[in-house]
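Written below as structure tokens is the structure these notes are about.
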Amino acid sequence: MVDNISFSEQVHEDFKSSALAELPKEMRLELYKTMVLIRRFEEKSSQSFMQAKIKGFCHLSIGQEAIAVGVCAAIGPEDVVITAYRDHGIALARGISPKACMAELYGKSTGTSKGMGGSMHFFDKNKKFFGGHAIVAAQCPIAAGVAFAQRYLKENTVTVCLLGDGAVNQGVFHETLNLVSLWKLPVVYIIENNQYAMGTEIHRSTAGLPLVKKSVAYDMAGMVIDGMNVEEVRKKVLEAANLARNENCPVLIEARTYRFRGHSMSDPDTYRTKEEIAEAKKRDPIALYSQLLLDQGVLTRDLIAQIDKEIKKVIQEAVQYAESSPEPDLELARKICFAEEDSIEPPQRPLYGLIVD
Amino acid sequence: MATLTYRQALNEALSEELERDNTVFLIGEEVGEYGGAFKVSQGLLKKFGPERIIDTPISEAAFTGLAVGAAMYGLRPIVEFMNWSFALVAFDQIINNAGSIRFMSGGQFNFPIVFRGPSGGGTQIGATHSHALENWLANVPTFTVINPAFPADAKGLLKSAIRSNNPVCFFEGERLYGIQGDVPEEKDFLVPIGKAQIVTEGKDVTVLSSGFSTHVVLQALETLSKENISVEMIDLRTIKPYDFDLVASSLQKTNRLVIVEEGKPFAGWGAQIAYDVQHLLFDELDAPIYRVSNLDIPNPYNGKLEQEILPNPLRVIQAVHNVLR
Ligand SMILES: Cc1ncc(C[n+]2csc(CCOP(=O)(O)OP(=O)(O)O)c2C)c(N)n1
Ligand SMILES: [Mg+2]
């Protein structure tokens, strides 16, 4: 862990002095705002969870916002993003409305998944956001399949797939890397290495660290990036996406980060020390970025306050929308089970299990 | 009509649908160069090229998941399992992903995907290779489960399955690939999903089966007809959703039901049908329903013993005698 942090600080130094500052001002403000939006959205969902308005599991990505925002800033609207269950941040960064996201957390029919998926299963086909996948590593081969289809259809698009450091120990992750490398599919895998899989610190679960080395066995391009630095994430993911898009070279990225909250809302966080968390928070991606933008005169204290106010309003509206939206009913649940048929006679499908008089 | 083997009928179905729709592709182990472990895809690589007939490493979870992702993006994958038993290592991709994502996304994604391959025991390859997974897959709310017995149905149903916009689990009888039958020649010959067929008309007892079990019943019929027992034999073809109406109309005539299924007995599809029938047609029944299934023992290698454990003509005959008692 210590080596991660020193590594990251080094990268952060590089970033400060590098050509990264070239990004247009509007874009930099956008990156900042989106990170703040995610942070406030999740703080609000944490409150609503405590009030038992949000149920089930609720995994917050607080501390990891720079990855979500950097990734979405690096790819185009026609590219596809897919992730694990810690999906609120990347969904918002992808441009899904906070209203639809909050409504999904509230289990309402106006949610991203009509209240059928919940926190871990956000989807938005139009925004090319392919989920929200709650079985660890299950999204990995799906991403390969989307990339396969992108190439099959002769598009110039790519797929970006996020996964946790814990997912690296699932068999399907390895099977998938072998396939995408063998077939040179246009896909980028990004491991959000927050150093823990639930309560298991990475050295207790994973041989062959650093994680980026997993790329070597499959002859893929590998990169390590500072996941606390939004502009670096954007830049490196852009490079990776270009490799995948133009050079038929799938990439594996290890993005080093830290989650500031428990694994999920129900985690008392007993497996790591307060000091460790406090140390990690010194590299809060939002604080780092706002300081940088303040130093460079892109942000001012006033502007920060104004942005906070705007976002507060957006979040309030999202909560109101979620609270006042209708619940889904059995009829809707039944209807969405099957796609309409257009090339065959549609079979009759009784609802087995229903008691008929 | 052409006389084709079950294998050739499947091959024609694949070939015609690949021809008809460019978004259809076939993926699996040995489907290309080798022509399929059971030669179902023979010749397709030459016709359609390696972009659409895709040989994979031995990575069922990855290539099944890949097919799921490709379906989400608008393609129409056909996934061949060299043996349905090997699908067990891809169950997360099949059940959670192909089976649940449409629902969990509020209906945003379509899954026009066919999972197919040989299924069932009887070939002395031991318990790991002899599963009949129809029941397991029928337990997934969004799956259509098909198990044809004859070449014509194999062709017509596989074509329907490929054209369906929903996930289909297509179970081919490993012991049926070589059987012959008449198959209609027109290009758009489809057999509708969810429709059973009457194989022989009769009035004393209805015997319901699918896939290889239908052939077991046919064998039993040779004895039963000598005993002057008139059997109405229904071949289910689609296990889920199954053709309740045809079963009901047959029972109005015979009032007696025997169900023959290849799977293990506990929570089998036959149990569901028996439940539905006693629940909805209680007054039609003159006798308890009998089920002939695999015995609740893993399939053994020993041939004689495996035949004893599988549904066999003797047990079918016994069940028919019992239901007529
Ligand atoms: C196949 C499977 N096993 C176990 C779980 C329970 N589980 C959910 S998240 C998690 C930890 C995953 O950690 P990581 O991949 O590092 O992601 P992070 O939570 O840190 O984002 C576990 C064990 C699961 N969802 N799926
Ligand atoms: Mg982790």
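Read the figures in this text as sums done on the coordinates, not as results from a lab. The shown structure was predicted, so the numbers you read here are calculated from the model rather than taken from an experiment. Heads up, the Cβs are rebuilt from the backbone with ideal geometry, glycines too, and the neighbour counts pull from every protein chain shown.
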Original post:
Does the range B:2-183 classify as rounded, prolate or oblate by the C-alpha gyration tensor (a ≥ b ≥ c root eigenvalues; a/c under 1.5 gives rounded; else a/b over b/c gives prolate, otherwise oblate)?
Top reply: rounded
Original post:
If you keep only loop residues by DSSP, which trypsin sites (Lys or Arg not before Pro) in the range B:138-208 have at most 15 other Cβ atoms within 10 Å of their Cβ?
Top reply: B:Lys187, B:Lys203
Subject >> Relative contact order computed over chain A (Cα-Cα under 8 Å; 6+ residues apart), in percent >> reply: 22
Original post:
Which part of the range B:100-134 falls in the paramagnetic zone of B:Lys304, meaning amide N under 17 Å from the point 7 Å along Cα-to-beta-carbon?
Top reply: B:124
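I'd like the GluC sites (Glu not before Pro) in the range B:29-102 restricted to DSSP loop residues with at most 12 other Cβ atoms within 10 Å, sorted by number.
Here the sparse-neighbourhood loop sites are B:Glu33, B:Glu51.
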Original post:
Under the definition of Cα pairs under 8 Å and six or more residues apart, what whole-number percent is the relative contact order of the range A:123-220?
Top reply: 27
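Could you tell me which of rounded, prolate or oblate describes the range A:228-357, using a ≥ b ≥ c as the square roots of the eigenvalues of the alpha-carbon gyration tensor, with rounded for a/c under 1.5 and, failing that, prolate when a/b is larger than b/c and oblate otherwise?
Values: a/c = 2.08, a/b = 1.66, b/c = 1.25.
It comes out prolate by the Cα gyration axes.
Mind checking which helices in chain B clear 20 Å along their axis (Cα) and have mean Kyte-Doolittle hydropathy of -1.0 or more, DSSP H runs only?
Numbers: long enough: B:6-20 (21 Å, -1.14); B:211-226 (24 Å, 0.43).
Qualifying helices, which must be both long enough and hydrophobic enough, are B:211-226.
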Subject >> Neighbour-count order for A:Tyr189, B:Tyr242, B:Tyr34, fewest beta carbons within 10 angstrom listed first >> reply: B:Tyr34, B:Tyr242, A:Tyr189
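For chain A, what does -39500 (n - 2.57) per DSSP helix run (n ≥ 4), summed and divided by total residues, give at 222 nm, in deg cm²/dmol to the nearest 500?
Only helices count here, giving -14500 deg cm²/dmol.
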Original post:
For the cross-link pairs B:Lys46/B:Lys155; B:Lys39/B:Lys155; B:Lys39/B:Lys304; A:Lys154/A:Lys213, which exceed 26 Å when the distance is taken from alpha carbon to alpha carbon?
Top reply: B:Lys39/B:Lys304; A:Lys154/A:Lys213
Original post:
Within chain A, which complete DSSP H helices have Cα atoms spanning at least 20 Å along the helix axis and a mean Kyte-Doolittle hydropathy of -1.0 or higher?
Top reply: A:2-17, A:25-50, A:230-247, A:301-324
**OP:** Positive end of the charge dipole of the range B:35-170 (Lys, Arg +1 and Asp, Glu -1 on Cβ, about the Cα centre): tell me which of B:Gly35, B:Leu88, B:Leu133 has its Cα farthest that way.
**Re:** B:Gly35
Original post:
Rounded to the nearest 0.05, what FRET efficiency do B:Leu281 and A:Lys309 have when you use their Cβ-Cβ distance and R0 = 41 Å?
Top reply: 0.05
Subject >> Partner aspartates and glutamates for A:Lys128 [C-alpha distance under 12 Å; skip if fewer than 8 residues away on the same chain] >> reply: A:Glu78, A:Asp79
Original post:
Which is farthest toward the positive dipole end of chain A among A:Ile202, A:Val251, A:Tyr218, measuring Cα position about the Cα centre, with Cβ charges +1 (Lys, Arg) and -1 (Asp, Glu)?
Top reply: A:Ile202
Original post:
Looking only at A:Ala66, A:Ala207, A:Ala84, which one moves most when chain A is put into a Gaussian network model with springs between Cα atoms under 10 Å?
Top reply: A:Ala207
Original post:
Sorting A:Thr270, A:Thr157, B:Thr200, A:Thr83 on the 10 Å Cβ count, fewest up front, what's the list?
Top reply: A:Thr270, B:Thr200, A:Thr157, A:Thr83
**OP:** Using label points projected 7 Å from each Cα along Cα→Cβ, tell me how many nm separate B:Glu185 and A:Leu209, to one decimal.
**Re:** 7.0
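Across peptide A:294-304, what mean number of C-beta atoms from other chains lies inside 10 Å of a residue's C-beta? It would help to have the intermediate numbers written out before the result.
Working: counts 0, 0, 0, 0, 0, 0, 0, 0, 0, 0, 0.
Other-chain Cβ atoms within 10 Å of each residue's Cβ, averaged: 0.
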**OP:** With r as the distance between the Cβ atoms of B:Ala267 and A:Lys25 and R0 = 60 Å, compute the FRET efficiency 1/(1 + (r/R0)^6) and round to 0.05.
**Re:** 0.40
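Using a 10 Å cut-off around each Cβ, can you sort B:Trp136, B:Trp269 from fewest to most neighbouring Cβ atoms? Can you show the working numbers first?
Numbers: B:Trp136 21, B:Trp269 25.
Sorted ascending by nearby Cβ count, the order is B:Trp136, B:Trp269.
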**OP:** Extending each Cα 7 Å along its Cβ direction at B:Ile125 and A:Lys282, get the distance between those two points in nm, one decimal.
**Re:** 6.1
**OP:** Quick one: dipole size for chain B, taken about the Cα centre, charges +1 on Lys/Arg Cβ and -1 on Asp/Glu Cβ, in debye to the nearest 20.
**Re:** 120
Original post:
Suppose R0 equals 56 Å; then what is the FRET efficiency for A:Asp295 and A:Ser343 from their Cβ-Cβ distance, rounded to the nearest 0.05?
Top reply: 0.40
Original post:
Is there a simple number for the mean count of other chain Cβ atoms within 10 Å of the Cβ of residues in A:345-357, and what is it?
Top reply: 5
Original post:
Once label points are set 7 Å from the Cα along Cα→Cβ at both A:Leu351 and A:Ser324, what is their separation, rounded to one decimal in nm?
Top reply: 3.0
Subject >> Computed [θ] at 222 nm, helices only, for chain B once each DSSP H run of length n ≥ 4 contributes -39500 (n - 2.57) >> reply: -10500 deg cm²/dmol
Original post:
Shape of chain A from its Cα gyration tensor (a ≥ b ≥ c, root eigenvalues): rounded if a/c is under 1.5, otherwise prolate when a/b > b/c, or oblate?
Top reply: oblate
